[in-house]
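Everything below concerns the one structure shown next.
The values are calculated or read from the model by the stated rules, or taken from the named source; none is laboratory data. What you see is a predicted model, and the numbers here were worked out from it, not measured in a lab. FYI the Cβ positions are ideal-geometry reconstructions off the backbone, even for glycines, and counts take in every protein chain you see.
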Amino acid sequence: MTQTAESCSPNSNSYHHGNLRQALLDAAVDAIRESGPENLSLRAIARRVGVSQTAPYRHFADKNDLLAELARQGFDDITRFLTDQTESQASPAARLQQAATAYISYAIKNPEKYRLIFGNHVARRTDYSELKASGRRCSALFQNLITDGIHSGDFIAADPIILFNTCLAAIHGFAFLCIDGTFERLEQAREAQTCAETQSGQPPASSTVNDQLIQAQVKMMVRSIARQPDSI
């Protein structure tokens, strides 16, 4: 059987036409994890995947085109994850807590994608209609939760966009502080100070502290827009 330049790999495994596009995207995520999006190139990704250096251009016009698709997929990943982690029968306040916790968890587990989705590495974002649509679907999930909460009386009667911006600023900023290591550095400093003062044993695991911190932050966020904060 004849193999094309797109499907042929110098390794024992080959990528066929049907999955090369996603293989390039997956390789791009690995490359971004190692050296950042600013050092990404389609030719380097082609070498990583094991195809000809011109093969990626059959799927992406340029590097920005590939980054835009990664960001689009990232928005869709977040939307699916938040939907899966939200109980449809719960109250709007409870669902907002669940969605916000899932949002932060996604950022912590996928820092490279998260930075790409919300960073400035994708130029001319407004040129990509599918990227814009995916972003709107992700935002709509939170906006709908907040609107439901206003109608049910869970949240204060205010402009839902203002409440959405308040919540987004809280969880988005918190997510970046988490993935940039700010809280980890602060926790390490506190643990070192505590150990020095008490000369006690090992400090508690950081993951437990992080989970508690996330829950406290999310709860405070929901309380900030709740009609009855003491009920949260």
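Which of the numbered conditions does E112 fail, given that it passes all the others? Conditions: (1) of a type outside the set (V, I, T); (2) within 18 Å of the chain's Cα centre (by Cα); (3) surrounded by fewer than 17 Cβ atoms within 10 Å (Cβ to Cβ); (4) over 30 Å from I156 (Cβ atoms).
(3)
If I ask for residues that are touching a residue at least 24 places away in the same chain (Cβ under 8 Å), surrounded by fewer than 17 Cβ atoms within 10 Å (Cβ to Cβ) and out of contact with any Ser or Thr (no Cβ under 7 Å at 6 or more places or on another chain), which ones from segment 134-148 would you list?
S139
Would you check which residues across segment 41-73 are outside any helix (DSSP H, G or I) and surrounded by 21 or more Cβ atoms within 10 Å (Cβ to Cβ) and list them? If you could, list the steps in order and put the result at the bottom.
Our first condition is that a residue be outside any helix (DSSP H, G or I); within segment 41-73, this holds for 41, 50-54, 59-62.
Answer for segment 41-73, where residues must be outside any helix (DSSP H, G or I) and surrounded by 21 or more Cβ atoms within 10 Å (Cβ to Cβ): just V51.
Which of the residues that make up segment 74-109 are more than 16 Å from the chain's Cα centre (by Cα), crowded, with 19+ Cβ neighbours inside 10 Å and small (G, A, S)?
Result: A93, single match.
Residues of segment 149-164 being surrounded by 14 or more Cβ atoms within 10 Å (Cβ to Cβ) and out of contact with any Lys or Arg (no Cβ under 7 Å at 6 or more places or on another chain), which ones?
Here is the first cut: in segment 149-164, the ones surrounded by 14 or more Cβ atoms within 10 Å (Cβ to Cβ) are 149-150, 154-156, 160, 163-164.
Selection gives G149, I150, P160, L163, F164.
Do any helices (runs of 4 or more DSSP H) lying entirely in segment 142-232 carry at least 1 residues that are modelled with pLDDT of 95 or more and among the hydroxyl-bearing types (S, T, Y), and which ones are they?
Numbers: elements: 160-179, 182-198, 206-225.
Helices (runs of 4 or more DSSP H) meeting the threshold: 160-179, 206-225.
For K109, are the conditions met, namely being charged (D, E, K, R), without any contact (Cβ under 8 Å) to a residue 12 or more places away in the chain and within 24 Å of N210 (Cα to Cα)? Explain how you work it out, then say what you get.
Details: charged (D, E, K, R): yes; without any contact (Cβ under 8 Å) to a residue 12 or more places away in the chain: yes; within 24 Å of N210 (Cα to Cα): yes.
For K109, the condition - charged (D, E, K, R), without any contact (Cβ under 8 Å) to a residue 12 or more places away in the chain and within 24 Å of N210 (Cα to Cα) - is met.
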